[in-house]
Amino acid sequence: MANGDSGQGVSLTGLAKRWLKTQFRFHGDPIKSRRDRQEANELETRMHDKVQEDVGRAVFDAVMPESWKQKISDLERHAEERKAEEARRRRAEHEARPRAESRLSFSCDLTGEIETALPTVVTRPETAGEALTVELSPLDPIPAGTRSFRGVQFAIPGYSGPGTYDLSALYARNGDDWDPFWFQLWLESDDEPFYWVPDYGPASIVVDTDGRTLRLRMPMQDAGGTHLDVEGVVVLP
């Protein structure tokens, strides 16, 4: 077998070596950690598929009677139909989400702006001191400058109602309890989001007296070092 990883010549040995390398990389940076996990998961899937392909094809072609081959083909077709049905179900659930009137803009290395009502998921704290989290995601990507806006999520840790939340100061006090993936923005790709972490600069969210209008300012960066200054106004449903 070839040891390369191009086209059909990919080998199980080559995939295994690459997977092992991902297991010895540990990062405090959430961007690098996410990319390494994604790479490891992808390689595991490819190794599994390669074993099935190499072994299954030989057995299938050699010993399976035609009636069994037809049954397997039918099962595969039904699996694809179930997958399509699941995609339709997820789409319907997405469409059923309440809308948040949203205006978001970003500048610096990239520029763009959107203003529309976005499907939203709001998780409100059940007890004092917990975070309020907001996820906004369009049904389909929205053009924004030279990119396509695919979604954003953010949080207000220690939420206690209207007021100004200095995220950098909050992180300095109790950042060890934070989810490192609370603050993400997706442009063009679901796999390479922009993040905010305190090292990227100060960030804040203001909650107006109505308790629904949120005003955010946040510097964000992706794994390639592209920097965005994000500003937005979101009116929760």
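The values are calculated or read from the model by the stated rules, or taken from the named source; none is laboratory data. Please read all numbers here as calculations on a predicted model, not as lab measurements. For neighbour counting, all protein chains shown are included, and Cβ atoms are generated from backbone atoms with ideal geometry for every residue, glycine included.
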(request) Those residues that are in contact with a strand residue (DSSP E or B) (Cβ under 8 Å, 6 or more places away or on another chain) and acidic (D, E), I need them from the stretch 118-140; list them, please. (result) E135
(message) Please return the ranges of strands (runs of 3 or more DSSP E) entirely within the stretch 156-237 where 1 or more residues are among the hydroxyl-bearing types (S, T, Y), modelled with pLDDT of 90 or more and within 21 Å of T116 (Cα to Cα).
(response) 213-221
(message) Looking only at residues that are within 15 Å of the chain's Cα centre (by Cα) and among the hydrophobic types (A, V, I, L, M, F, W, C) in the stretch 140-154, which one is surrounded by the most Cβ atoms within 10 Å (Cβ to Cβ)?
(response) V152
(request) Output the residues belonging to the stretch 65-98 that are surrounded by 10 or more Cβ atoms within 10 Å (Cβ to Cβ), at pLDDT 85 or above and over 20 Å from the mean Cα position of the chain (by Cα). (result) P98
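Take the residues in the stretch 207-232 that are β-branched (V, I, T) and farther than 17 Å from A144 by Cα, then tell me which one is surrounded by the fewest Cβ atoms within 10 Å (Cβ to Cβ).
Taking the stretch 207-232 and keeping what is β-branched (V, I, T), we get 207, 209, 213, 226, 230.
Cutting the leftovers down to farther than 17 Å from A144 by Cα gives us 207, 209, 213.
Values: V207: 20, T209: 9, T213: 15.
Step by step, filter the stretch 207-232, then rank; the result is T209.
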(request) Test L132 against the stated conditions and say whether it is modelled with pLDDT of 90 or more, touching a helix residue (DSSP H, G or I) at 6+ places or on another chain (Cβ under 7 Å) and on the phi < 0 side of the Ramachandran plot. (result) no
